[in-house]
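Here is the structure we will look at.
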Amino acid sequence: MSFTFQDFPAARDDLRADVLAGLAAHPKAIPPKYFYDEAGCRLFDAICAQPEYALCRTEQTLMAAHLPDIAATLGEVDCIVEPGAGDCTKVRLLLDALRPTHLTVIDIAGGPLAAAAQAVSRDYPQLAVAALAMDFLHDLEAADPCLPAGRRLVYYPGSSIGNFAPEAATALLARFRRLAGAAGHLLIGFDLKKDPQRLHAAYNDAAGVTAAFNLNLLARLNRELGADFDAARFRHYAFYNPVAGRIEMHLVSLAEQDVHVAGECFHFALGETLHTEHSYKFRCDEFSALALTAGWQLAGEWEHNGFAVQLFR
Ligand code: AVI
């Protein structure tokens, strides 16, 4: 059994600078990666358990059903790399099916990542596990020297790619292409376009968990940047925009108000929005075309109940 942990503090994101720039922009916006403090991670897990938000359950079902076929299409894999691996649950299924010699998991939350990766290492004694604490959006390339040569598989499940605008998504896929190397593959999961009512419901669950997840961002800014947001004066607002093919998530100001963040004052007009997330939905042909522009060739495709997984080489 081998387990290594490497910290890349220089590659960490900068909450203060990003939030101040986002609040000074028009319209105001904060990158969705800042949802995921400890409470945000717990709330996201709770979202995945809501009856309206089927995305995570559907991907699990799809993977379990099609794994033998996915493995057969992939062939031999030496190393699996998972950016944004979180608690390393999803990759376990792949380890069982593909039996690689190496696993590299990457996440910005170093503590939880190290614990999860160590548990994987205990359960798979033949596997060399490396955990890299870094913000891969800043510095994915720093992971390259930590990976063994050979057939690499980049695994990016959960429709996380949908949280990037098309240009940024293409750029990230191109970086995955370089990281995978000439013999490498990409296995990626994404949410499909479907009945807008179903999409709308998924981001407006009856229990209000998605609303709490969205508003938790303000609590995080109050705690970590000494801000004075009053969450009761903002409304969670999420809707499907069929023209852009995305869910848009906002916090709408219910009053004219001033908010102080890290010593700076920001004015919100009544009804002004703080944009917190885009969640793009795709058709299969749309997504493979996007990946093609990033240098990936479609090698396989599996679909289940409004969710898809595509394999690229
Ligand atoms: C992580 N990501 C794929 C989720 C999504 O559906 O875009 C985040 C989320 N936001 C609200 N609900 C879930």
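Just so you know, in the range 187-221 the residues that are without any contact (Cβ under 8 Å) to a residue 40 or more places away in the chain and part of a loop (DSSP other than H, G, I, E, B) include one that is most open to solvent (accessible area, probe 1.4 Å), and it is Asp195. Can you report the number of residues in the range 197-220 which are closer than 30 Å to Val261 by Cβ and either at pLDDT below 95 or in contact with a strand residue (DSSP E or B) (Cβ under 7 Å, 6 or more places away or on another chain) (or both)? Number satisfying all stated conditions: 8. When Thr210, Thr170 are checked against the criterion of being more than 16 Å from the ligand (Cβ to nearest atom) and β-branched (Val, Ile, Thr), a single residue qualifies: Thr170. If the condition is being open to solvent by 40 Å² or more (accessible area, probe 1.4 Å) and either in a helix (DSSP H, G or I) or over 27 Å from Ala128 (Cβ atoms) (or both), then the range 149-163 contributes Ser160, Asn163. Kindly provide the set of residues from the range 218-241 that are touching an Asp or Glu at 6+ places or on another chain (Cβ under 9 Å) and within 14 Å of the ligand (Cβ to nearest atom), ordered by number. Within the range 218-241, Tyr237, Ala238, Phe239, Tyr240, Asn241 meet the criteria.
Residue check: Cys79 meets all listed conditions (1) surrounded by 19 or more Cβ atoms within 10 Å (Cβ to Cβ); (2) without any contact (Cβ under 8 Å) to a residue 60 or more places away in the chain but one, namely (2). Taking the range 136-148 as the range and being more than 16 Å from the ligand (Cβ to nearest atom) and touching a residue at least 12 places away in the same chain (Cβ under 8 Å) as the test, the residues that pass are His138, Asp139, Leu140, Glu141, Ala142, Ala143, Asp144, Cys146, Leu147, Pro148. Within the range 33-51, residues that are under 23 Å from Arg16 (Cα atoms) sit with their Cβ atoms under 8 Å from residues that are part of a loop (DSSP other than H, G, I, E, B) and among the hydroxyl-bearing types (Ser, Thr, Tyr), at 6+ positions apart or across chains, in these pairs: Phe44/Tyr36. The single residue among Ala29, Ala54, Ala65 that is more than 12 Å from the ligand (Cβ to nearest atom) and closer than 28 Å to Leu274 by Cα turns out to be Ala29. Output the qualifying pairs, or none if there are none: Cβ atoms under 6 angstrom, residues six or more apart or on different chains, first residue in the range 64-76 and closer than 16 Å to Pro100 by Cβ, second residue of a type in the set (Asp, Glu) and in a helix (DSSP H, G or I). No pair meets every condition.
Scoring Asp37 on the criteria (1) open to solvent by less than 40 Å² (accessible area, probe 1.4 Å); (2) farther than 21 Å from Leu173 by Cβ; (3) modelled with pLDDT of 95 or more leaves a single failure, condition (3).
Among the residues of the range 242-268, those identified as within 16 Å of the ligand (Cβ to nearest atom) and either more than 23 Å from Ala206 (Cα to Cα) or in a loop (DSSP other than H, G, I, E, B) (or both) are Ala244, Gly245.
Note on the range 239-252: among residues that are in contact with a His (Cβ under 7 Å, 6 or more places away or on another chain) and surrounded by fewer than 20 Cβ atoms within 10 Å (Cβ to Cβ), the one that is nearest to Pro31 (Cα to Cα) is Glu248. Annotation note: of Ala255, Ala174, the sole residue that is without any contact (Cβ under 8 Å) to a residue 40 or more places away in the chain and surrounded by fewer than 16 Cβ atoms within 10 Å (Cβ to Cβ) is Ala255.
Looking at Arg99, Arg57, just one residue is under 22 Å from the mean Cα position of the chain (by Cα), open to solvent by 60 Å² or more (accessible area, probe 1.4 Å) and either free of Cβ contacts under 8 Å to residues at least 40 places away in the same chain or more than 23 Å from Glu141 (Cα to Cα) (or both), and that residue is Arg57.
The values are calculated or read from the model by the stated rules, or taken from the named source; none is laboratory data. Predicted model only: the values in this text are computed from it and were never measured. With ideal geometry, Cβ positions are generated from the backbone for all residues, glycine too; neighbour counts draw on all protein chains shown. Note: accessible area is taken over every heavy atom of the protein model, side chains too, but ligands, DNA and RNA are not part of it. Shrake-Rupley method; radii C 1.70, N 1.55, O 1.52, S 1.80 Å.
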